[in-house]
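Heads up, the thing below is written out as structure tokens.
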Amino acid sequence: MNNLKYFFAFIFTFSNIFQSCDVIEGPFTEEIIVEECAEKCKKILLEDYTGHKCGNCPRAAEKAEELKEIYGDQLIPIAIHAGFFASDFGGNFTTDFTSTAGNEWDAFFGNSAAGNPNGMVNRVGYPSSDHITQHSQWAQKVDELLQSDAQIYIEIEPEFNASSNSLTIETTTEILESISAPLSLNVILTESHIIAYQTDYDADPQEIADYEHNHVMRKSLTGSWGVDLGLSDYNNGDVISNTFSLNLNENWLAENMTAVAFVSNTNTYQVIQAQETYIME
Amino acid sequence: MKKVLYGLLFCSGPLFCQGIQNGHLSGNFQSNSQLYYEDADLGITSENLPSEKFLINSFANLLYTTSNFSAGMRYEANHNVLLGFDKRYNGEGITYRYTQFNKDGLDITLGNFYEQFGSGMILRAFEERNLGYDNAFDGIRLKYSPFNGVYLKSLIGRQRLYFDKAEGIVRGFDGEISLNESFESLSDIKTQVMIGGSFVSKFQKDLDPIYILPENVASWASRFSIYHGKWIMGAEYVYKYNDPSATNNFIYKEGQALLANLGYSQKGFGFSLAAKRIDNMSFNSDRNLGGQEVSINFLPALTKQHTYALATIYPYGTIANGEMGLQADLNYKIKKGTLLGGKYGIGILANFSNAYSIHKAPINEDTAIGESGTLGYTSDFFKVGDDKYFQEYSLEISKKINRKLKLIGTYLNTHYNSNFIVGYGNYGMIKAGIWILETQYKLKPKHSIRTELQHLKTAQHEGNWAMGLVEYTVSPHYFLAIQNLYNYGNKINKTHYPNISAGYTKNTTRFALGYGKQREGIFCVGGVCRNVPKSNGFSLSITSSF
């Protein structure tokens, strides 16, 4: 009798797990309706840490493109080639997509050490390991961040001189909501539509000769950690202007390049606002 | 007095103390450390040398047990973790603690625990320290045997993720019945039958704005095993409902796994046959974490586990998204006193294993195989796919020549498809033949010398390897070993990997000091793998228990 009592208690307590199953019959996806970006809307920086010899990385790049399609201007993806899979130039993989700032970010945030591919969405979560997210988590993170309003607006005005291959970028940072923290402005260049080798474990053959690399971070104009915007407290209406110049590498194709600017909290590295524009009209 | 004091440490009141005094306290400690150096031959420069130069993994377990109560804990300190281990293990803390007691036959565990249902293909939590693998549960587990031969287990908890826990909650129930124990009329018959079943479900909130994800993913399994004299046979089938995850590229197809085995064993002869089919069976506590992190289940590799250095270069790692394979093992001893067996007999071990892809076909004309947000693909259960992942056959012959000398000769032939097995990158099908000769010679009582000569021949990847080892042991306290691996067939860099190590053991405490070079590669146990980076330096290992 005693045995039976325990037996039934045991079954009763855990019988609920037999109901613990959700079967999705389809559709498996739902349509996301993203409101059109207002003039000074919030924009999200998505950093995809990748490498041309990383066989799983094309899945992350596809996810970035899928999200770009959905969120449009409100999402700014950049591909940062860094770590083991990006630094191996053996065989057909002769193109160097790495950059000084990208390597330093990777070493600092620990992305490639955690296993490519992965990324950061506005660098939220640092310094806990939560800042490194799998590509399957990006949509959720982007969606969460877009629920809040923009605190900053950034305007980028590039001026490219084709004859001298030189570029001048003027940025205007406007504070929309008071912020009590030091801020850093980062300006980088990205290039898309670069055709070069990429490993893809899902492809046959796995070395793809004509892979299109997009949003590749080429260079930072503001060092690895940006330039200080000069204050420790920022009030609504504050406007800060900056100018940066450089000569483009002759291998870069200006018509496929964008300037990406983002402002981050200097103490937490969290990105507060981002902006992107093509350097040629 | 010592025992009473220990008992009092765990007592919180007089009632609770009943039955837990006069217990036994035991524990163990292990520390592995390495000092890293630059090495021009290996391409290790100051830039890729760990900044700390010195890294250490260490832990200690404490366990207190009485007749019906036990409690324990593990403290880990990794400052910082050795190269090749995930850096998220950096730090220190209590990573395992539990209490377990048995009252009226009900066994209750609170806190951390390891567990396995059936073969583990539906649920297995275990630790493999050499891999940096630990998916222990933190929660509650109950075990109960309501009738003779009926064994029930249930659990709920979250799994370890480095120094944190996975997001998902795992619930599980397992029941097993031994017919011969349960029914008196069957107790004396020669055939022993056991049947069992499991149900496991995980919960993880759906916060994804694009996919409609199942928050509760369930899996069930059924199994049997039959013992009849020298024969044993068994099988387990696992079915998993839709579980879109990072590993399967967010497809909604069901998962299936089947493992069947047949074995025979008698003195001097035995064989076993095993076959498996795995389809979309990655099952993780967190759908966003790929690979081996917080795995709820364990998918066996079904290949021979090797210990010889060159035989471990191309190990098979299970491909959870789909594989079919089989393994056959044979052992036979040629009797002593026969023409072939001679004075001491000859031992023969033979093994064959392989793994292929499974058949996959698109679900319709417009959908690519494995496309996210779809049912992924269809698969004919009994049809083998086009790709061979792995194949190996091996033969080991051991012969005792006289009272002092024993020889063990081994040949392995391995086909390792590097395009699919995680580890080395795209070198295609690597075909390797490996010859090994081990000698064991007793010089005098307590003094023995062991040597290994190994050779790996392959035209692919890094080419040929040779290896030699000499180990001198003075039982039970000392050993000294010198070995060298030479990658002489490498077209880019013919590298030597010399190592020297020495050890001292006193009772239950062991020190081992080594210096040398470590080749880059992949290390696997049972199909679970980790990358091992190249290194050069001193290593020190200390283990102790009481």
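The values are calculated or read from the model by the stated rules, or taken from the named source; none is laboratory data. All values reported here derive from a predicted model rather than from experimental measurement. A quick note on method: Cβ atoms are made from the backbone with ideal geometry, for glycine too, and the neighbour counts reach across all protein chains shown.
Values as computed for the structure displayed
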read-out: Tally, over segment B:217-261, of residues that are more than 18 Å from B:G172 (Cβ to Cβ) and not in a strand (DSSP E or B); value: 14
read-out: Of all residues in segment B:82-112 being part of a loop (DSSP other than H, G, I, E, B) and over 15 Å from B:G132 (Cα atoms), the one that is nearest to the chain's Cα centre (by Cα); value: B:G105
read-out: Filter result for the condition that a residue is facing chain A (nearest Cβ under 8 Å), surrounded by 22 or more Cβ atoms within 10 Å (Cβ to Cβ), polar (S, T, N, Q) and under 28 Å from A:I32 (Cα atoms), over B:N216, B:N242, B:N248; value: B:N242
read-out: Single residue of segment B:348-406 satisfying the filter (in contact with a strand residue (DSSP E or B) (Cβ under 7 Å, 6 or more places away or on another chain) and of a type in the set (D, E)) that is farthest from A:T29 (Cα to Cα); value: B:E396
read-out: Residue in segment A:210-221 that is more than 18 Å from the chain's Cα centre (by Cα) and of a type in the set (S, T, Y) present; value: yes
read-out: Residues of segment B:305-346 satisfying the condition of being without any contact (Cβ under 8 Å) to a residue 12 or more places away in the chain and farther than 26 Å from B:T451 by Cβ; value: B:G337, B:T338, B:L339
read-out: Residue in segment B:121-135 that is surrounded by fewer than 19 Cβ atoms within 10 Å (Cβ to Cβ), outside the structural domain of B:C529 (by TED's automatic domain parsing), aliphatic (A, V, I, L, M) and modelled with pLDDT of 95 or more present; value: no
read-out: Test: residue in segment A:188-202 that is within 14 Å of another protein chain (Cβ to nearest Cβ), without any contact (Cβ under 8 Å) to a residue 40 or more places away in the chain and buried (at least 18 other Cβ atoms within 10 Å of the Cβ); value: no
read-out: Residue in segment A:181-192 that is closer than 30 Å to B:G370 by Cα and not polar (S, T, N, Q) present; value: yes
read-out: First in segment B:78-105 and over 22 Å from B:E293 (Cα atoms) and within 11 Å of another protein chain (Cβ to nearest Cβ), second anywhere and of a type outside the set (D, E) and part of a loop (DSSP other than H, G, I, E, B), Cβ under 9 Å, 6 or more apart; value: B:K103/B:N68; B:G105/B:S145; B:G105/B:P146
read-out: Residues of segment B:50-66 classified as farther than 17 Å from B:S31 by Cα and either assigned to a strand (DSSP E or B) or modelled with pLDDT of 95 or more (or both), total; value: 3
read-out: Residues located in segment B:351-380, provided they are of a type in the set (A, V, I, L, M, F, W, C), away from chain A (no Cβ under 14 Å) and surrounded by 16 or more Cβ atoms within 10 Å (Cβ to Cβ); value: B:F352, B:A355, B:I358
read-out: Failed condition for A:T173, given (1) buried (at least 16 other Cβ atoms within 10 Å of the Cβ); (2) within 14 Å of chain B (Cβ to nearest Cβ); (3) not aliphatic (A, V, I, L, M); value: (2)
read-out: Cβ pairs under 6 Å, 6+ apart, first in segment B:149-162 and under 20 Å from B:Y133 (Cα atoms) and away from chain A (no Cβ under 12 Å), second among the small types (G, A, S) and in a loop (DSSP other than H, G, I, E, B); value: B:R158/B:A166; B:Q159/B:A166; B:Q159/B:S285; B:R160/B:A136
read-out: Of all residues making up segment B:415-439, the number that are part of a strand (DSSP E or B), crowded, with 19+ Cβ neighbours inside 10 Å and out of contact with any Pro (no Cβ under 9 Å at 6 or more places or on another chain); value: 5
read-out: Flag if A:E207 is closer than 30 Å to B:G428 by Cβ and in contact with a His (Cβ under 9 Å, 6 or more places away or on another chain); value: no
read-out: Some residue of segment B:239-248 being touching a helix residue (DSSP H, G or I) at 6+ places or on another chain (Cβ under 7 Å) and touching a residue at least 40 places away in the same chain (Cβ under 8 Å); value: yes
read-out: Residue list for segment A:232-279, filter: outside any strand (DSSP E or B) and either surrounded by 15 or more Cβ atoms within 10 Å (Cβ to Cβ) or among the hydroxyl-bearing types (S, T, Y) (or both); value: A:S232, A:D238, A:L248, A:W252, A:A254, A:N256, A:T266, A:T268, A:Y269, A:Q270, A:I279
read-out: Conditions (1) within 14 Å of chain B (Cβ to nearest Cβ); (2) touching a Phe, Trp or Tyr at 6+ places or on another chain (Cβ under 9 Å); (3) within 30 Å of B:N48 (Cα to Cα); number of the one not met by A:H81; value: (1)
read-out: Within segment B:487-539, strands (runs of 3 or more DSSP E) holding 2 or more residues that are of a type in the set (D, E, K, R) and surrounded by 14 or more Cβ atoms within 10 Å (Cβ to Cβ); value: B:509-518
read-out: Only listed residue being more than 10 Å from every other protein chain (Cβ to nearest Cβ), under 26 Å from B:F85 (Cβ atoms) and among the charged types (D, E, K, R), chosen from B:K304, B:K253, B:K230, B:K267; value: B:K304
read-out: Single residue of A:N111, A:N122, A:N118 found to be under 13 Å from A:A64 (Cβ atoms) and either charged (D, E, K, R) or buried (at least 23 other Cβ atoms within 10 Å of the Cβ) (or both); value: A:N118
read-out: Residue under evaluation B:R403, criteria (1) surrounded by fewer than 16 Cβ atoms within 10 Å (Cβ to Cβ); (2) assigned to a strand (DSSP E or B), criterion not met; value: (2)
read-out: Which numbered condition A:A114 misses (of (1) touching a residue at least 24 places away in the same chain (Cβ under 8 Å); (2) over 16 Å from A:V260 (Cα atoms); (3) within 14 Å of chain B (Cβ to nearest Cβ)); value: (1)
read-out: Count of residues meeting criterion [more than 25 Å from B:Y144 (Cα to Cα) and among the small types (G, A, S)] in segment B:160-196; value: 2
